[in-house]
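Reading through the structure tokens given below for one structure.
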Ligand code: C2O
Ligand code: CU
Ligand code: CU
């Protein structure tokens, strides 16, 4: 089974495709920027497992302005497919990890303890984080005594290596938003996230609290992912026999045939006939989703993006979500009769992978929530003239002696600062692609100025930290880094591309 051609052509258009093929000599019928891995285990029946909600992490203690947490990275055996056990690498042994529920301006301090048998690195994706806590890919946390992980094959060292535990400090000096944390170990991010090292980190603030949005039981995270399973229930992942990354065959990215939401396959959620707020995160390694409800009249009403609330809601019939992107969405189930079943679909695929999860509208219920026409003080920043302009070209290429992916023709090298960027001033960055690449920038959010030379696309609103750049496309963004000087990253968030060297370092000065 292949991803539908619609997914590829719908995004690029025939003209864009022609440019891509001419440009990089691809097989004329790729249809996807990923390779499907098929499960050996029987696929479970859909809409049987109730949607799990990741537990909210409790602080160990709380002092003036600071909340202290401890997370243990450990193996656990979880029943993901009914009747089978899957060994995961989990924050607190969970998949997804626990959710951090934090306040803007209050510092979160997390002591991470590594009881796995591999080195790890934790990155808070979307965080305005000092470099020392940002999860530089060589700032390894080596396993606790007894386990002998090794630092990696690439021979690149020079990071701040710690053993057993490491403390990460997140000042949360940013507006309310849906962030997530995940592993960022050099060359091994894809397999380690695949095995379970990812979770949500929410930031709330007074501006958002003042809104009458659905909350409590009606504010629900939907963390999307896909996996493939061996016959015994273990995760299938095509790790390369030697060296970093994946088998060459899977360098386009790994997609699986089981769709997970909050770690459960094709789950079902019973809902009141009322408004719900869904914080959607695409935590898949390489799969893009085009979400849609199978029945009207309700629409997906977007209220926020990666970097928090939009200025005003945007209605979508379908919502394209690339890896690492977040969409904050309200669905009004009061438009359905109690007893209705509404399925969340993925229009980019067919067969089992076309289904994501199901909602069962159980009962009528009181609802005093609302989606106001003005959500926040957010406004697009008008593009000043005379800005520094940088180009970042995302292409296939030679990376450390094998086929891989490059930025500006260079594979990731932690000692190669591709740019030196002054704090506190806007720059225009252009992302240029050959095939599909979801581009992510650390430290600061950006606004999309232009897509393909014209206006931004329907999914580009608000402050973003990840943008889905389609084949042979140019996306211009406006970005400004503040507060923290140090080494940061720009990379493709297709995790196989990232591990195959599609990452670049820059420094803020
Ligand atoms: Cu979500 Cu540098 O990553
Ligand atoms: Cu990030
Ligand atoms: Cu990529």
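Can you list the strands (runs of 3 or more DSSP E) lying wholly within the range 310-406 that have 1 or more residues being over 24 Å from residue 299 (Cβ atoms), within 16 Å of ligand 3 (Cβ to nearest atom) and in contact with a helix residue (DSSP H, G or I) (Cβ under 6 Å, 6 or more places away or on another chain)? Don't jump to the end; show me each part of the working.
Values: elements: 319-321, 326-332, 341-346, 355-364, 388-399.
Passing ranges, in order: 388-399.
How many residues does the range 171-186 contain that are within 14 Å of ligand 1 (Cβ to nearest atom) and either surrounded by fewer than 24 Cβ atoms within 10 Å (Cβ to Cβ) or part of a strand (DSSP E or B) (or both)?
So the count comes out to 7.
Name the residues in the range 487-509 that are within 14 Å of ligand 2 (Cβ to nearest atom) and in a strand (DSSP E or B), would you?
Selection gives 487, 488, 489, 490, 491, 492, 503, 504, 505, 506.
In this structure, does residue 456 turn out to be more than 25 Å from residue 182 (Cα to Cα) and in contact with a helix residue (DSSP H, G or I) (Cβ under 8 Å, 6 or more places away or on another chain)?
Against the criterion (more than 25 Å from residue 182 (Cα to Cα) and in contact with a helix residue (DSSP H, G or I) (Cβ under 8 Å, 6 or more places away or on another chain)), residue 456 does not qualify.
Considering only the range 142-168, state which residues are buried (at least 18 other Cβ atoms within 10 Å of the Cβ) and modelled with pLDDT of 95 or more.
142, 143, 166, 168
Quick one: is residue 301 farther than 19 Å from residue 315 by Cα and outside any loop (DSSP other than H, G, I, E, B)? It would help to see each step written out before you state the result.
Details: farther than 19 Å from residue 315 by Cα: no; outside any loop (DSSP other than H, G, I, E, B): yes.
No, not satisfied.
Which one of 475, 439 is more than 15 Å from ligand 1 (Cβ to nearest atom), outside any loop (DSSP other than H, G, I, E, B) and either closer than 22 Å to residue 387 by Cβ or not assigned by TED's automatic domain parsing to the domain that holds residue 318 (or both)? Explain how you work it out, then say what you get.
Numbers: 439 fails: more than 15 Å from ligand 1 (Cβ to nearest atom).
Residue meeting the stated conditions: 475.
If you take the residues in the range 471-490 that are within 16 Å of ligand 3 (Cβ to nearest atom) and farther than 20 Å from residue 452 by Cα, which one is surrounded by the fewest Cβ atoms within 10 Å (Cβ to Cβ)?
Narrowing the range 471-490 to residues within 16 Å of ligand 3 (Cβ to nearest atom): 471-475, 489-490.
When the remaining residues are screened for being farther than 20 Å from residue 452 by Cα, the result is 489-490.
Numbers: 489: 21, 490: 23.
Within the range 471-490, the match that is surrounded by the fewest Cβ atoms within 10 Å (Cβ to Cβ) is 489.
Output the residues belonging to the range 129-141 that are within 18 Å of residue 201 (Cβ to Cβ) and either crowded, with 24+ Cβ neighbours inside 10 Å or more than 24 Å from the chain's Cα centre (by Cα) (or both).
Listed by number, the residues that qualify are 129, 134, 135, 141.
In the list 134, 183, 139, 92, which residue meets the criterion of being on the phi > 0 side of the Ramachandran plot and modelled with pLDDT of 95 or more?
Numbers: 134 fails: on the phi > 0 side of the Ramachandran plot; 183 fails: on the phi > 0 side of the Ramachandran plot; 139 fails: on the phi > 0 side of the Ramachandran plot.
Among 134, 183, 139, 92, only 92 is on the phi > 0 side of the Ramachandran plot and modelled with pLDDT of 95 or more.
The values are calculated or read from the model by the stated rules, or taken from the named source; none is laboratory data. Owing to the predicted nature of the structure, the values given are computational and were not obtained by experimental measurement. Counting neighbours? That spans all protein chains shown, and the Cβs are built from the backbone with ideal geometry, glycine included.
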